[in-house]
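The values are calculated or read from the model by the stated rules, or taken from the named source; none is laboratory data. Given the structure is predicted, the values throughout are model-derived calculations rather than measurements. Note that we place each Cβ from the backbone using ideal geometry, even for glycine, and neighbour counts take in every protein chain shown.
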Amino acid sequence: MKKLLVLLLLAAISLPGLAQTIWKADKAHTQIKFDVTHMGISTVSGAFTDFEASLTTTKDDFSDAVFNFTAKAVSVNTGIEQRDKHLRSADFFDVEQFSTLSFKSTGLEKISEGRYKLSGDLTLHGVTKPIQLELWHRGTITNPKSKKQVAGFNVSGSLNRSDFAIGTKFPAEMLGEQVKLTADGEFSVE
């Protein structure tokens, strides 16, 4: 009986250390961007402006974090309305049929202090594929105004647009196959 009580006491003491914390992206200080080469001589940049992003962790260094991201495909914005309409069409994102894109992490491998290899499943244009990204935890501070903890992250990587059947009518000479992804932002506990 004493052993059982000791085990229960130890379990109760360790539970707070296992508590999961959910961090949400501060949309005013978070950007989800992409870059693609146009005709091999210039880069077109864009962003998704309507999104939700969160992470769940039990550790202060975020080494066990699980990241989730969802964006509305219709929110694609390159700063040129005519191009944005084309990107929303069936030639590219086909927002009528595939209204969202999402990422859910499946693994996180620490490379060095604050640097990780982030693995996950990206769903884009109705296709789900595994992808690996670089994650940089830029630090955690206390916001002087809100007094909340704020963590900064930068995520980068690339994907092959053909893997997701994006822009299949356009050859690589016209529109680069590799699309560079960058996300940078602040997360806080709600």
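Remarks
- Subset of segment 165-190 that is of a type in the set (G, A, S) and touching a residue at least 60 places away in the same chain (Cβ under 8 Å) - its residue that is nearest to H38 (Cα to Cα): G176
- Taken as a whole, the condition of being under 20 Å from the mean Cα position of the chain (by Cα) and among the β-branched types (V, I, T) applies to T140.
- Where D121 falls short, out of the listed (1) in a strand (DSSP E or B); (2) surrounded by 13 or more Cβ atoms within 10 Å (Cβ to Cβ); (3) over 12 Å from the mean Cα position of the chain (by Cα); (4) not aliphatic (A, V, I, L, M): (3)
- Filter pass, T106 being over 16 Å from H137 (Cβ atoms) and in contact with a Ser or Thr (Cβ under 6 Å, 6 or more places away or on another chain): yes
- Subset of segment 43-75 [touching a Ser or Thr at 6+ places or on another chain (Cβ under 9 Å), of a type outside the set (A, V, I, L, M) and more than 19 Å from K110 (Cα to Cα)]: T43, S45, G46, F48, T49, D50, F51, E52, F69, T70, K72, S75
- Only a single item in (1) within 25 Å of L118 (Cα to Cα); (2) at pLDDT 90 or above; (3) not hydroxyl-bearing (S, T, Y) is not met by V74, and it is number (1).
- Matching residues, segment 72-103, being under 28 Å from T140 (Cα atoms) and either hydroxyl-bearing (S, T, Y) or part of a helix (DSSP H, G or I) (or both): S102
- Of all the criteria given as (1) surrounded by fewer than 16 Cβ atoms within 10 Å (Cβ to Cβ); (2) modelled with pLDDT of 95 or more, the one not satisfied by R88 is (1).
- Residues of segment 35-56 that turn out to be within 15 Å of the chain's Cα centre (by Cα) and free of Cβ contacts under 8 Å to residues at least 40 places away in the same chain, as a count: 6
- Checking each residue in segment 133-147 for being surrounded by fewer than 13 Cβ atoms within 10 Å (Cβ to Cβ) and either modelled with pLDDT of 95 or more or assigned to a strand (DSSP E or B) (or both) picks out G139, I141, T142.
- When segment 66-85 is limited to residues that are surrounded by 15 or more Cβ atoms within 10 Å (Cβ to Cβ) and basic (K, R), the one that is farthest from the chain's Cα centre (by Cα) turns out to be R83.
- Scanning segment 155-190 for residues that are loosely packed, with under 15 Cβ neighbours inside 10 Å and assigned to a strand (DSSP E or B) yields N160, Q178, V189.
- When we screen D94, D121 for residues that are modelled with pLDDT of 95 or more, among the charged types (D, E, K, R) and in contact with a Lys or Arg (Cβ under 6 Å, 6 or more places away or on another chain), the only hit is D121.
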